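**Student:** Structure in structure tokens, see below.
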Amino acid sequence: MYGLCFFCGKYKFQIEQINARFCRSCHRKIANVTKEYNKKGGMFGTDPFWLKMKKKLGKDWKILMTNGTQNKR
């Protein structure tokens, strides 16, 4: 599985999701990583793939990547 590692804050392959309890210092580290992730715009603002697509396709990247089928509210 590919995604954001909550401990180191980097995108990696072969990550696993677990249900676990954490001490206060480990939980604070995870909270800081997820806070920065949300500040930068979530998946589209931090994932290297989406950042590359934004740069490559310009302002219309979302329309081009979704084939224009996204819900508009």
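**Student:** List every residue pair whose Cβ atoms lie under 7 Å apart, where the two residues are 6 or more positions apart in sequence or sit on different chains, the first residue falls within the stretch 5-34 and is in contact (Cβ under 8 Å) with a residue 12 or more places away in the chain, and the second residue, located anywhere, is surrounded by 13 or more Cβ atoms within 10 Å (Cβ to Cβ) and among the small types (G, A, S).
**Tutor:** Y11/G3; I15/G3; V33/G9
**Student:** For the stretch 4-23, enumerate the residues that are in contact with a Ser or Thr (Cβ under 9 Å, 6 or more places away or on another chain) and either of a type in the set (K, R) or not in a loop (DSSP other than H, G, I, E, B) (or both).
**Tutor:** Answer for the stretch 4-23, where residues must be in contact with a Ser or Thr (Cβ under 9 Å, 6 or more places away or on another chain) and either of a type in the set (K, R) or not in a loop (DSSP other than H, G, I, E, B) (or both): L4, Y11.
**Student:** Give the number of residues within the stretch 45-55 that are under 17 Å from K10 (Cβ atoms) and either among the small types (G, A, S) or part of a helix (DSSP H, G or I) (or both).
**Tutor:** 7
**Student:** Within the stretch 56-63, can one find any residue that is exposed (fewer than 10 other Cβ atoms within 10 Å of the Cβ), outside any helix (DSSP H, G or I) and either in contact (Cβ under 8 Å) with a residue 12 or more places away in the chain or not acidic (D, E) (or both)?
**Tutor:** no
**Student:** Follow-up question, since we're still on this one. Within the stretch 11-19, identify whether any single residue is at pLDDT below 85, on the phi < 0 side of the Ramachandran plot and surrounded by 13 or more Cβ atoms within 10 Å (Cβ to Cβ), and answer yes or no.
**Tutor:** No: zero hits.
The values are calculated or read from the model by the stated rules, or taken from the named source; none is laboratory data. Since the structure is predicted, the reported quantities are computational estimates derived from the model, not experimental observations. For neighbour counting, all protein chains shown are included, and Cβ atoms are generated from backbone atoms with ideal geometry for every residue, glycine included.
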